[in-house]
Every structure is written in C-alpha cells, then in structure tokens.
Amino acid sequence: MKSVNTKYNNSVIRFIVGHQASGRTKLIAEKIITLKCFDAIEASNPDNNRKQYGNNRYSQSNIDQWLNSAAGAGAWYSARHSYDAPPNNANVWSNYNEYDAQPGFLSFFEESFRNAILDSTIRVAKNTVTDGGGYEDITRKVYLLSNTEVGLANENSVAEGTKWDLFSNDNSRKANPTAEAVSASEYTNSSLNASSPWYWWLRTPYAGDSSSARYVNTGGALNNGDAYDGSNGVRPALEVGSGILVSDSVDTDGAYIIQWNQPPTTPSSISHGTPRAGQSITITTGGSTDPEGNPINYVFERRVDSGAYVQIGITSSTSITDTVPSSGTNYQVRVKAVDSLGAESAYRTGTPTPISYNTNPVISGSDQNVGAKTAPLTYDYTVTDAESASQTLTVTEAVTNGAETITLRTYTATNGATNTADLSSVWLRLLAGSHTLTISVNDGAGGTAQRVITFSRTVTRIAASRAFSTDELVTKCFVSLYPSDRPSDSVLHCEVSNNPFDPSPVWEDITSKVNLYVHTFANTTVETTNGLAYRFTLTKGTQTIEVIQATIRFA
C-alpha cells in the first residue's frame, strides 16, 4: 500500500503489512528506500571502537534520530551525548552516503500520514561491552526492526518484541533496493541493483562489541557490520491504527492507496440575533470545508447559563432555528462540523448572550383582505407596547406594486395613538390588481410586530412598456408621447431605465419631462446587458384617449 503524497527520492514509498495486533497495523517499507550508515564515527569517544566505527546503541544512533525527525534540510541532527557526531562526509565509511544535510525522514510524509503514525514502544538490546547488556524500551514513531521481529535469533537472549507474521524464512527477509536508492547511492557495486536483494539494517546491536550492528544479508540471514558503513540499506517500519482505510482495488503499479479522511475545518463563525425568551431565533455559522470534499453536516447545540449543552439539531444547512428557553440569564450556542465518514471538527462556540424578556409590540386589528378599491386606500391603526416608557416604536408602512415595494413612510409612533396609512401619494403608480399594505413596528429591543392588509386596485387606464438592448450604456434620453395634447383630466406616470435587463432594474421617474426635456440618467451601472426601457400609465378621465406611439431618443 502507499500514500500518494509520501515520497522519498521523488518516489512514492510503498509499504507492506508486516503484522497486526492490538488494534495496530504494523507496516514496513516494501523495499530498501535508501543506503545510510547506522551511526557516524565519534572521533572524541574514549571507546576506540566507537571512535573508529561508530556507536551501535540504537537509542543514540544517527539513523534513529533521522527517521523520527520532520525537520528541514540540515536541521534534523543534534548531539544525543557528549561524544556524538553527525553522519557527514568525514564521519562515514569511505565518505559514502553521508546524510547530515538531508531533511528528516518524517518531513517527506504528507501531513495526514504523519499524523496517523502511532507512538510505538520498542525494546532494544544493549551490548555487553560498554552498555551493560540487557535492554532498554524507547518510544518512537518510526523504527528499524529487530532480530526478533524478523524471525532471527534473539540477541544475548533478549526478545526485542515479537516476530512479525510477514517473516517466516530467509526468503521472506530478502529485500531489493528501489531504483531510486541505487541511483542516489555514492557507493556502487555490480550487485547493488534494483533486481537483486541487498543488505538492510536492523536496530539490534551486536552484543559482543560497541560498534557493530545487526543487518539482514542478501540471503536473508543474520549478519553484523560496522555502524559507520553507509553501504547498508534502510527499511523504515511504523504503526497505524487498524481502522486505516485503503482503496478497494489496486492502482496501475499494483498498490492499494491509503485513504486519509481528515476532519472538516472548524466552522469559521457562529452568530445570532438577540435571544428573546420563548421566541424563535436563527443561528448561523460561517461554514466549514472538508479536505476530501466529503459532504458536511453541522451539529448545533445550546445551553442556558452554565448548564449542559443540548442539541438543537443536525443539518447540512449553515443555519438553524431554535426556540429560546423561557428561563435563565444567558443563552450560548456552539457548532461543529461532521463529515459523511464521521470525522468531526472542533467546536466553534459563541459568547454568552443575555436573554431578553422584552414583549412584542402590538398593532391593532388583524390581517385582512379589504377587497377592491377605486380610490386611494387609507387604514387606521394603533401601536402599543408594554415597555413603551423605555423604548422607541419605529413604524414602517410599505405597499407592493408588482415586483416593486414602495415605502410610504418610516416614523416614530406614540404608544396607543391612532395612526393612518395613506396611499394617496402613490395611488396612481399602483398597477391594476392585488397589492399588500404592510405595517411593521420595531421596539428597538428585539420586539417586532406586523400587520398585512390585502387589497386590489381596479382602474381604467392605458399602460405600455418596452425594453430593447443597446450597444453601450445609455446616459440620456428624450421621451415623446403622441398625441401630446392629452385630456386635462387624465393622469400620466412615466418611468425609464438604462439597465432593464439587470436582476433589479433602476427605474427613474420622468413624468414631468415627457414631451418637454431630455432626461440624464442618475444610474451609471449595468450588471448584464446595456439597454433602454420605458413604461407609462395614463389614467383615463371622462374623455376618450388614444395614444398613437411613444418615441424615445437617447444618447
């Protein structure tokens, strides 16, 4: 198996399953991925063997430090004891394959893989000459295998772990180097090629001296060599959880692909309006992204004061509606993202917000349909509020006109006073058909109320409109209606637009300019297609009206 973005020497590292136990999957590089020394010579070490041939204590070795470092080039090495030395050109056998200037091995792993590697406690024998024999247990992310784990004889009767299922005989221990390992090696030999087995290091020291370490030879048997020898190969081993996912089928080179499922990002924000006791509140999050593009659900929760969080709901939407509890002081919400494979983000938590016990204002009457109207509609109403002494009641009156909404006025109401919504000023603009008058009040403390009055306007009038595209933005126009001598008791309303094809055209009233003046457009912005449009209504009086044509000149 392999993780496609984890590479060494620009080649994806292929791993094979070596053993599974206690919820862990133990992996080892399928091939020798590089040639490196076990440890450099230690020129100042009073032990003559280590001075000349390097140190065979694995916990102090250069290879162990390199395998477990994610540092950049030249930054992975630091002295582990007073005599330690880096594996530079002068400190390795015949100047072959120094690696002190390389990046640490873990730096070649993609983040998901590196994060998935489990800490492993491994047992390592110690030599009997300088290190006292016996063993030591160390914790590592990446390690070399031991005599015991590859099925060879225990060193000095120390069992370094247990035998891996992968290894059953000499043949199972043979390993070829990758073509990239051969190409990158300063050491060359006719037997060193990608088609033939090669030597690879174990972590086990040779117990009889201070500088020799064990390795598997080309025939799969046990051998030992000087720690500073850079001609031996490295097969890193590591452990991940047994729940790791892989592709259902192999890719073109016969490997299963590890499927990393990273959690979604923490939702970017969470917000809501004033929480009002017993009232609905909409909670909104800025959303999350999933590294693999998996679908995301959001888990919304809330609590009152220091109580336990209670789930509001789970939704794919970035908003949800809650009913604010009718007791308590502070209202607090949080949200987390969960992908379709169950990976969860951290919570995004909002700040505690005081619960308002403010009551809604009240508009007299009830929503109703008052039927057809031929004269301007007026509607009387009152606004009352229990907390009016400390609040300002802001009222907005608006009426629909087709797709348009016309604001009649916005004003501050007096508690309990009679108010009148009067449509006289816009009556002639209203199209024939159904309309709604909406009266809205806000008390400034989160309380609102609304009254909706439906009516229809029945008129006898002439209406016309037209829109057409132009090559560029229209800045001026002149509108003529023929005949121009319309009856004195008729009422004209005319509008033009220089962005009629936009989602929200801007209509400009030119009623007073028809047949008289050039109109210069206030609007200078077009989102889609340049164009020009006019629309007019001519409300009949008692005389007959005939409009022959409308002519527009524009610039």
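Details
- Residue check, SER59 polar (S, T, N, Q), assigned by TED's automatic domain parsing to the domain that holds ILE117 and surrounded by fewer than 22 Cβ atoms within 10 Å (Cβ to Cβ): yes
- Which listed residue is touching a Ser or Thr at 6+ places or on another chain (Cβ under 9 Å) and either β-branched (Val, Ile, Thr) or outside any helix (DSSP H, G or I) (or both), from ASP131, ASP165: ASP131
- Long-range neighbours under 8 Å by Cβ, at least six apart or interchain, first residue free of Cβ contacts under 8 Å to residues at least 60 places away in the same chain within region 110-131, second of a type in the set (D, E, K, R): ASP119/ARG140; ASP119/LYS141; THR121/ASP137; ARG123/GLU136; ARG123/ASP137; ARG123/GLU160
One line per residue, one yes/no per condition, for (1) at pLDDT below 95; (2) touching an Asp or Glu at 6+ places or on another chain (Cβ under 7 Å); (3) within 22 Å of VAL142 (Cα to Cα):
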residue	(1), (2), (3)
ALA153	no, no, no
TRP164	no, yes, yes
TRP201	no, no, yes
ALA207	no, yes, no
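- Cβ-Cβ contacts under 6 Å between residues 6 or more apart (or on different chains), taken from a first residue in region 309-326 that is modelled with pLDDT of 95 or more to a second residue that is assigned to a loop (DSSP other than H, G, I, E, B), are listed as THR318/GLY287; VAL324/PRO275; VAL324/ALA277; VAL324/GLN279.
- Any hit, region 403-411, residues being in a strand (DSSP E or B), out of contact with any Lys or Arg (no Cβ under 6 Å at 6 or more places or on another chain), charged (D, E, K, R) and surrounded by fewer than 16 Cβ atoms within 10 Å (Cβ to Cβ): yes
- Flag: LEU532 does not match the condition of being part of a strand (DSSP E or B), within 28 Å of THR458 (Cβ to Cβ) and not assigned by TED's automatic domain parsing to the domain that holds LEU428.
- Residue match in region 214-227 (condition: touching a residue at least 60 places away in the same chain (Cβ under 8 Å), under 48 Å from the mean Cα position of the chain (by Cα) and part of a loop (DSSP other than H, G, I, E, B)): yes
- Selection status of LEU192, more than 20 Å from ASN127 (Cβ to Cβ), surrounded by 14 or more Cβ atoms within 10 Å (Cβ to Cβ) and of a type outside the set (Val, Ile, Thr): yes
- In region 192-216, the residues that are over 29 Å from ASN154 (Cα atoms) and in contact with a Ser or Thr (Cβ under 9 Å, 6 or more places away or on another chain): ALA194
- THR148 meets all of the listed conditions (1) surrounded by fewer than 19 Cβ atoms within 10 Å (Cβ to Cβ); (2) more than 28 Å from SER185 (Cα to Cα) but one, namely (1).
- One residue alone among ALA213, ALA179, ALA221 is among the small types (Gly, Ala, Ser) and either closer than 19 Å to TYR143 by Cβ or not assigned by TED's automatic domain parsing to the domain that holds ARG123 (or both), and that residue is ALA213.
- Filtered by the rule that a residue be over 30 Å from ASN95 (Cα atoms) and either crowded, with 19+ Cβ neighbours inside 10 Å or out of contact with any Lys or Arg (no Cβ under 9 Å at 6 or more places or on another chain) (or both), region 19-36 gives HIS19, ALA21, SER22, GLY23, ARG24, THR25, LYS26, LEU27.
- Qualifying residues in region 388-402 (those that are within 18 Å of ALA449 (Cα to Cα) and of a type in the set (Val, Ile, Thr)) - the one surrounded by the fewest Cβ atoms within 10 Å (Cβ to Cβ): THR392
- Boolean, SER327 is in the same structural domain as ASN442 (by TED's automatic domain parsing) and not in a strand (DSSP E or B): no
The values are calculated or read from the model by the stated rules, or taken from the named source; none is laboratory data. Treat the numbers as computed from the prediction; the structure is a model and nothing was measured. Note that each Cβ is placed from the backbone with ideal geometry, even for glycine, and that neighbours are counted across all protein chains shown.
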